Amino acid sequence: MKPSPWVVKYADNVPAKSKVLDLACGMGRHTRLFIERGCHVTAVDIDTKGVQDLMGNPDCRIIETDLEQSEGWILPLGFDCIVVTNYLYRPMLKHLVKALVPGGILIYQTFMLGNEKFGKPSNPEFLLTADELKETYEHKLEVIAFSQGLSSTPSMTQQICARRSL
Ligand SMILES: C[S@@+](CC[C@H](N)C(=O)[O-])C[C@H]1O[C@@H](n2cnc3c(N)ncnc32)[C@H](O)[C@@H]1O
């Protein structure tokens, strides 16, 4: 699966050698993108089979953990960039700010209400409400870009790129 165009676009804000956290990394499409760009990536998922081929890569640390258990919320800290795509666990959202260094970049994209017309996910628990990412982060981070609506897949998505103040 190709990297998300939103992530590719805002990856330009993340210089080589940055420490990147890819949460719920799946097959690691964004882990691979940032490794290719010269970054050091921590790839986290409840099931890390999709990134097993990256085991032993000096630029990749793989952590298998359940982000929805309390100990999984204790995220590693000090990231220059956090990327999350196609995953939503609301209690985790506020923890992401603390896991960024000052100046660090959050790139988040996932499905929103309305996606149920096109397929999965259709459970509202896994769908952002209108403006949810903007409202969650606008008082904690500097919003670089935000958008929401119908994408070409077709699906309904919402996406943000935001920076922690220096
Ligand atoms: C739809 S996939 C998205 C994968 C990747 N972010 C991407 O966009 O290609 C959702 C991912 O969330 C992971 N996941 C689901 N529940 C999780 C949990 N409780 N803790 C950690 N990862 C979880 C799944 O294993 C899966 O890899």
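The values are calculated or read from the model by the stated rules, or taken from the named source; none is laboratory data. All values reported here derive from a predicted model rather than from experimental measurement. Here the Cβ positions follow ideal geometry from the backbone for every residue, glycine too, while neighbour counts run over all protein chains shown. Heavy atoms of the whole protein, side chains included, go into the accessibility calculation; ligands, DNA and RNA do not. Shrake-Rupley method; radii C 1.70, N 1.55, O 1.52, S 1.80 Å.
Residues in the range 84-118 that are open to solvent by 30 Å² or more (accessible area, probe 1.4 Å) and more than 15 Å from the chain's Cα centre (by Cα): VAL101, PRO102, LEU113, GLU116, LYS117, PHE118.
Conditions tested, residue by residue: (1) assigned to a strand (DSSP E or B); (2) touching a Cys at 6+ places or on another chain (Cβ under 9 Å); (3) within 25 Å of VAL41 (Cβ to Cβ).
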{"residue": "LEU77", "(1), (2), (3)": "no, no, yes"}
{"residue": "LEU96", "(1), (2), (3)": "no, no, yes"}
{"residue": "PRO102", "(1), (2), (3)": "yes, no, yes"}
{"residue": "ILE107", "(1), (2), (3)": "yes, yes, yes"}
{"residue": "GLY119", "(1), (2), (3)": "no, no, no"}
{"residue": "ALA130", "(1), (2), (3)": "no, no, no"}
{"residue": "GLU135", "(1), (2), (3)": "no, no, no"}
{"residue": "VAL143", "(1), (2), (3)": "yes, yes, yes"}
{"residue": "ILE160", "(1), (2), (3)": "yes, no, yes"}
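Filter the range 1-24 down to the residues that are within 13 Å of the ligand (Cβ to nearest atom) and open to solvent by 10 Å² or more (accessible area, probe 1.4 Å), then identify the one that is modelled with the lowest pLDDT. Per the stated criteria, the residue is MET1. Would you call ARG37 more than 10 Å from the ligand (Cβ to nearest atom), in contact with a His (Cβ under 8 Å, 6 or more places away or on another chain) and open to solvent by 30 Å² or more (accessible area, probe 1.4 Å)? No: the conditions fail for ARG37. In the set PHE111, PHE118, only one residue is under 20 Å from LYS9 (Cα atoms) and not β-branched (Val, Ile, Thr); that residue is PHE111.
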